[in-house]
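The values are calculated or read from the model by the stated rules, or taken from the named source; none is laboratory data. Keep in mind the model is a prediction, meaning the values are calculated, not measured. Methodologically, a virtual Cβ is constructed for each residue, glycine included, from the backbone with ideal geometry; neighbour enumeration extends over all protein chains shown.
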Amino acid sequence: MTKVKAQINLLRTLEELDLILKDMASPAYKKIGFKSPKPTLDFVKTAEKERAHIADQVEPILLQKYERIMKRYGGRVVVQVINGFCGGCFIKLPSEYITRSSTDITNCPNCGRFLYWVK
Ligand SMILES: [Zn+2]
């Protein structure tokens, strides 16, 4: 796996953990009506520990950027590029982004989110 892909994967994992932690604290999520809506303290601790473990592996400058974007949008920090469009703000990305994406971590020029390509 390339370094770019590895970092993007870490950022995606981090985002998922952050959303899990957010869900656990959300009253709306509890209303959905799962049988045991209150997560055990064990699980909260595990998720927090895993989050810290993943964050440790992300390059500091990327982590800073990640935290900023997460704070701003509350989720969907790392988004898929769909047929040349940003999956976060839906603008058509300049074509050089597609070329750069294999060697660099790229952020949308409009919304700043991290971009990844499925293909
Ligand atoms: Zn965007």
Checklist entry - For region 92-119, how many residues are in contact with a strand residue (DSSP E or B) (Cβ under 7 Å, 6 or more places away or on another chain) and surrounded by fewer than 16 Cβ atoms within 10 Å (Cβ to Cβ)? => result 4
Checklist entry - Looking at this structure, is Ile105 more than 26 Å from Asp23 (Cβ to Cβ), free of Cβ contacts under 8 Å to residues at least 24 places away in the same chain and either in contact with a Leu (Cβ under 7 Å, 6 or more places away or on another chain) or near the ligand (Cβ under 10 Å from one of its atoms) (or both)? => result no
Checklist entry - So Ala6 clears everything in (1) of a type in the set (Gly, Ala, Ser); (2) touching a residue at least 40 places away in the same chain (Cβ under 8 Å); (3) in a helix (DSSP H, G or I) except one condition, right? Which one? => result (2)
Item to check | Selection from region 64-84 of residues that are modelled with pLDDT under 95 and among the aliphatic types (A, V, I, L, M) | outcome: Val81, Ile82
Item to check | Of all residues making up region 77-93, the number that are more than 11 Å from the ligand (Cβ to nearest atom) and either farther than 23 Å from Lys3 by Cα or basic (Lys, Arg) (or both) | outcome: 1
Checklist outcome for this item: Over region 85-119, the set of residues farther than 19 Å from Leu62 by Cβ, at pLDDT below 90 and in a loop (DSSP other than H, G, I, E, B) is Val118, Lys119
Item to check | Residue count, region 1-46 (criterion: at pLDDT below 85 and of a type in the set (Lys, Arg)) | outcome: 4
